[in-house]
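Here the structure comes first, spelled out in structure tokens, and everything after it is commentary.
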Amino acid sequence: MIRKENPEGPSQADLEDHPRFARLGLARIALENIHGLQRSIEPRVSTLEGNEVQQNVKVELGVYECCVAREYDVIFQDLMAVAKQASTTMAKSIYLETLDDINSIGTEMEQFSKIKVHLLQELLLIYRKEGNLPAVERMLKHLSNQKHSTKSDCTGDVTAHLAQCFVTISPQIRDLLQNLRLPPLHTSSSIHFPPLHRALRGDNDDVARLLGRETAALRELDMLRQNAVIAAAATGKAALLDPIFRQDPQLLTERDILERSALFHAAHQGDFGSYSTLVDAGANIYHRDSSTQSILGAAAAAGSTEIVRDLLNRGVPPNDDIPMQSNPLYEAAKAGHHEVVKLLLAKGAWADYWVNGKTAAQAASENGLQAIAEMIQEATSRPENKYFSCYPGWPANFDTTSAQR
């Protein structure tokens with residue numbers, strides 16, 4: 001396709017009418033279909049003649065892809081020239097529409113990654129001039145996920161700028177909530193959503209590392225009364241804040257609004273990495289939450305064989321030592337965690353203990369987990385797995401079923 005350059009730049013008609021978007025879309029659709037054909041040509045043909053045909057088709061499709069991608073780039077450059085001459089509102093519209101189109105392309109080609117970075121950077125500049133900090137944060141988040149975007153002339157260090165956005169925006173969120181007169185859940189801080197918490201829960205790991213360099217940031221509490229270490233454990237990211245939290249042991253003992261420690265959340269997530277990091281730092285393995293559920297119970301419910309085994313090896317008893325609405329064996333059985341049930345029974349878990357009127361075997365059976373139910377039922381014949389066997393003087397044939405009723 002032969003193009004004539006306009007030495008005077010884009011005309012007013014160019015700024016008001018953009019048929020290029022339709023052509024950009026056609027090129028994008030062509031690429032999508034070429035990629036579909038490339039996937040459909042597999043698997044490899046076994047015959048010599050068929051293999052030759054297949055190879056020729058692959059080469060031809062590759063040529064098609066390169067030509068269409070080149071055309072896409074030409075149209076894109078035309079649009080960028082139009083945007084440079086347009087008003088801020090129109091330029092923003094061009095960038096956003098082009099970005100939406102390029103997000104539709106299912107390809108990892110470096111060309112399109114660079115185009116996307118360029119669009120995000122242009123939008124970032126516009127939002128900065130407008131003072132629209134939430135939009136700046138959004139663009140920076142997108143940039144942080146792109147190649148070739150860690151540093152640039154217009155964005156600087158993306159991680160550092162994103163961290164600064166988190167710090168600046170958190171008080172603005174607080175002001176918004178206060179103006180709405182919403183009843184608070186809990187907060188002893190002037191910020192409802194601390195910057196470090198936002199980074200952890202938003203999977204912005206680099207930002208979390210940057211914000212988590214000082215213990216003061218780890219002490220801030222959110223609306224669930226969670227400090228940053230608890231928030232990190234609840235998202236499987238405790239290692240991001242190590243070794244900073246070791247400088248303040250109290251961070252490991254603090255509880256959230258449900259009296260759950262960081263270690264409890266790590267166990268509930270079944271995250272052995274975070275669990276190990278916290279235990280190594282001195283976290284208490286015997287903590288319970290407000291419902292008296294133990295850390296072992298949380299790990300058993302999550303089906304974390306590694307955590308359950310480690311707790312048992314550290315001397316945590318397989319049975320909760322106080323009456324509860326649940327216990328480790330019951331939770332593991334109900335959820336179908338076969339290996340956890342096996343571990344608990346081997347360590348003397350009570351197979352005949354009742355929770356809410358049911359044994360663990362009955363809970364498993366009701367959920368169609370017959371193999372687990374049978375394993376637990378078989379264990380009821382062993383003295384070490386009987387609830388009342390822990391009381392000296394009780395007869396071995398005592399009817400625990402009627403006793404617990």
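Does the stretch 249-270 hold any residues that are under 16 Å from residue 296 (Cα atoms), more than 17 Å from the chain's Cα centre (by Cα) and assigned to a helix (DSSP H, G or I), and which are they?
262, 263, 264
Can residue 56 be described as surrounded by 12 or more Cβ atoms within 10 Å (Cβ to Cβ), out of contact with any helix residue (DSSP H, G or I) (no Cβ under 6 Å at 6 or more places or on another chain) and either in a helix (DSSP H, G or I) or free of Cβ contacts under 8 Å to residues at least 24 places away in the same chain (or both)?
Considered against the rule, which asks whether it is surrounded by 12 or more Cβ atoms within 10 Å (Cβ to Cβ), out of contact with any helix residue (DSSP H, G or I) (no Cβ under 6 Å at 6 or more places or on another chain) and either in a helix (DSSP H, G or I) or free of Cβ contacts under 8 Å to residues at least 24 places away in the same chain (or both), residue 56 comes out as no.
Tell me which of these residue 282 doesn't satisfy, since it passes every other one: (1) in a helix (DSSP H, G or I); (2) at positive phi.
Checking residue 282 against (1) in a helix (DSSP H, G or I); (2) at positive phi, the one that fails is (1).
Before we move on, is residue 336 over 25 Å from residue 228 (Cα atoms) and free of Cβ contacts under 8 Å to residues at least 24 places away in the same chain?
In short, no.
Please pick out the residue among 303, 273, 315 that is surrounded by fewer than 20 Cβ atoms within 10 Å (Cβ to Cβ), under 24 Å from the mean Cα position of the chain (by Cα), on the phi > 0 side of the Ramachandran plot and outside the structural domain of residue 351 (by TED's automatic domain parsing).
Every option except 303 fails the conditions.
Among the residues of the stretch 277-286, are any within 17 Å of residue 332 (Cβ to Cβ), surrounded by fewer than 20 Cβ atoms within 10 Å (Cβ to Cβ) and not assigned by TED's automatic domain parsing to the domain that holds residue 345?
Looking through the stretch 277-286, none of the residues is within 17 Å of residue 332 (Cβ to Cβ), surrounded by fewer than 20 Cβ atoms within 10 Å (Cβ to Cβ) and not assigned by TED's automatic domain parsing to the domain that holds residue 345.
Need the failing condition index for residue 68 against (1) at pLDDT 80 or above; (2) out of contact with any Leu (no Cβ under 8 Å at 6 or more places or on another chain), just the number.
It fails just one condition, (2).
Take residues that are under 18 Å from the mean Cα position of the chain (by Cα) and tell me which of the helices (runs of 4 or more DSSP H) falling wholly in the stretch 178-248 contain 1 or more.
195-201, 205-211, 228-234
Go through the stretch 355-374 residue by residue and tally those that are of a type outside the set (A, V, I, L, M) and assigned to a helix (DSSP H, G or I).
5
What's the total number of residues in the stretch 108-130 that are loosely packed, with under 15 Cβ neighbours inside 10 Å and among the aromatic types (Phe, Trp, Tyr)?
Total meeting the criteria: 0.
Matching residues to (1) modelled with pLDDT of 90 or more; (2) under 30 Å from residue 30 (Cα atoms); (3) outside any loop (DSSP other than H, G, I, E, B):
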residue: 102; (1), (2), (3): no, yes, yes
residue: 108; (1), (2), (3): no, yes, no
residue: 119; (1), (2), (3): yes, yes, yes
residue: 123; (1), (2), (3): yes, yes, yes
residue: 152; (1), (2), (3): no, no, no
residue: 155; (1), (2), (3): no, no, no
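Determine which single condition residue 291 fails, assuming it passes every other condition in (1) closer than 23 Å to residue 382 by Cα; (2) part of a loop (DSSP other than H, G, I, E, B).
Status for residue 291: all satisfied but (1).
Please verify whether the stretch 190-209 includes one or more residues that are buried (at least 16 other Cβ atoms within 10 Å of the Cβ), of a type in the set (Ser, Thr, Tyr) and modelled with pLDDT under 90.
no
Of everything in the stretch 162-178, what is touching a residue at least 24 places away in the same chain (Cβ under 8 Å) and either buried (at least 20 other Cβ atoms within 10 Å of the Cβ) or in contact with a Ser or Thr (Cβ under 9 Å, 6 or more places away or on another chain) (or both)? Give them in sequence order.
Matches in the stretch 162-178: 162, 163, 165, 166, 170.
The values are calculated or read from the model by the stated rules, or taken from the named source; none is laboratory data. Computed from a prediction, not measured in an experiment: that's the story for all the values here. Backbone-built Cβ (ideal geometry, glycine too); neighbour counts: all protein chains shown.
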